[in-house]
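In what follows, a single structure is set out as structure tokens and then discussed.
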């Protein structure tokens, strides 16, 4: 199931108008991306951070993501986990 559908189902957005639904989904995705950045930053050593910054400055975003995947963490799995945690938080509120 894709991320947008997971968010829609978890937050029970089925009856929400399409414009509002998309705004809410984009908001959730933005929050998760921010949390992902913070989580990755905590995982990086100083040496890795310097190397990663160099990759970001000299190459494209695909190369940066591949570097993270190879050297630090499975970003897709971490994103999915952070999304699950966030959606659980929202359901419990």
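Coordinate-derived values only; no laboratory data. Given the structure is predicted, the values throughout are model-derived calculations rather than measurements. Positions of Cβ are backbone-derived with ideal geometry, glycine not excepted, and every protein chain shown enters the neighbour counts.
Equivalent-ellipsoid semi-axes (√(5λ), Cα gyration tensor) for the chain, whole Å, largest first?
Values: eigenvalues 186, 38, 21 Å².
Its equivalent ellipsoid spans semi-axes of 30, 14, 10 Å.
Which order, highest average first, do 37-43, 75-81 follow once you tally other Cβ atoms within 10 Å for each residue and take the mean per peptide? Can you show the working numbers first?
On the way: 37-43: 12.0, 75-81: 14.4.
So the peptides 37-43, 75-81, ranked by packing, come out 75-81, 37-43.
Starting from 0.36 nm per residue, how many nanometres of slack lie between residue 69 and residue 23 once their C-alpha separation is accounted for? Walk me through the intermediate numbers first.
Working: separation 46, 0.36 × 46 = 16.56 nm, distance 2.94 nm.
The residue 69-residue 23 span can extend by a further 13.6 nm.
How much mean residue ellipticity at 222 nm does the chain get from its helices, if each DSSP H run of length 4 or more adds -39500 (n - 2.57) and you divide by all residues, to the nearest 500 deg cm²/dmol? Spell out each step's value before the answer.
Details: 5 runs with 76 residues, N = 93.
Helix-only estimate at 222 nm: -27000 deg cm²/dmol.
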